[in-house]
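Chemist: I have a structure I would like to understand better, so I am pasting it below and will then ask my questions one at a time.
What follows draws every value from the coordinates through simple rules; no lab data is involved. Since the structure is predicted, the reported quantities are computational estimates derived from the model, not experimental observations. Every residue, glycine as well, gets a Cβ built from its backbone with ideal geometry; the counts of neighbours run over all protein chains shown.
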Amino acid sequence: MLAEVLKNKHLILASSSPRRQELIKGLGLEVEIRIKQVKEEYPDQLRHFEISDYLAQLKSLPFEDTLAPDDILITSDTIVWFKNTALGKPKDEKDAYKILKSLSGHTHEVITSVCFKSIGKEKIINSITKVTFKQLSKSEIYYYIKNFKVLDKAGAYGIQDWIGQVAVTKIEGSYFNVMGFPIDKIYKTLLTF
């Protein structure tokens with residue numbers, strides 16, 4: 001259905017995330033992957049979804065002068081918000097352990113913002129999901145870090161991994177948002193963009 005609405009458009013996804021690529025293709029859409037590196041830094045005064053909104057938009061800037069009239073560019077960013085702090089991707093395994101230990105036994109928010117851009121038009125949406133973790137043992141955290149890729153994930157975890165199966169006790173909101181792409185809201189936005 002969406003493919004028919006967008007048949008005269010050229011979709012560009014600026015994300016190296018295999019999860020985001022898989023999810024957008026799951027909508028039956030042809031999409032070109034284009035990557036441009038951006039330093040993911042934001043002003044200190046930003047809070048909560050302001051951070052991911054800012055970063056999603058920031059990631060779109062290097063593409064502005066390269067868009068053709070039928071292009072729709074999609075960029076996004078995901079953060080974990082916990083105790084009034086944004087948790088991004090861990091620097092190393094030690095940092096991943098620290099992050100997962102802090103999330104253990106608590107509820108945090110996963111916030112993903114998505115920026116849609118074409119010539120002369122831009123729209124930013126975001127989605128917030130609450131995720132509750134059980135109390136994790138030291139050995140469970142070490143097992144997860146050693147056996148799964150944690151360094152490329154906000155909050156040092158992927159809900160689709162082993163940890164999502166054994167540690168997540170409650171989720172309020174979009175599961176796909178926790179994967180880094182609120183596909184329901186993306187679908188809705190693309191229908192009218």
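Chemist: Spin-label point model (7 Å from Cα, Cβ direction): what's the LYS170 to ARG47 distance in nm?
Modeler: Calculated label separation equals 2.3 nm.
Chemist: Cross-link list LYS91/LYS134; LYS94/LYS146; LYS36/LYS146; LYS89/LYS185: which exceed 20 angstrom alpha carbon to alpha carbon?
Modeler: On the way: LYS91/LYS134 24 Å; LYS94/LYS146 11 Å; LYS36/LYS146 29 Å; LYS89/LYS185 24 Å.
Over 20 Å apart, Cα to Cα: LYS91/LYS134; LYS36/LYS146; LYS89/LYS185.
Chemist: Semi-axes of the equivalent ellipsoid for region 122-193, please: Cα gyration tensor eigenvalues, times 5, square-rooted, ordered largest first, whole Å. Don't jump to the answer; show the numbers that get you there.
Modeler: Details: eigenvalues 165, 34, 14 Å².
Its equivalent ellipsoid spans semi-axes of 29, 13, 8 Å.
Chemist: For THR192, THR129, THR85, THR75, what ranking results if the residue with the fewest other Cβ atoms within 10 Å of its Cβ goes first? It would help to have the intermediate numbers written out before the result.
Modeler: Values: THR192 7, THR129 20, THR85 11, THR75 26.
Going from least to most buried by this count: THR192, THR85, THR129, THR75.
Chemist: With an 8 Å Cα cut-off and a minimum separation of 6 or more residues, compute the relative contact order for region 47-137 in percent.
Modeler: On the way: 160 pairs, mean separation 31.3, N = 91.
Relative contact order here is 34 percent.
Chemist: Enter the Cα centre distance for the pair region 133-192 and region 30-108, rounded to the nearest angstrom.
Modeler: Their Cα centres are 15 Å away from one another.
Chemist: Please express the Cα-Cα pair-distance distribution P(r) of the chain as a list of whole percents, one per 5 Å bin, running from 0 to the bin with the greatest distance.
Modeler: In whole percents, the pair-distance histogram is 1, 8, 17, 20, 19, 14, 10, 6, 3, 1, 0.
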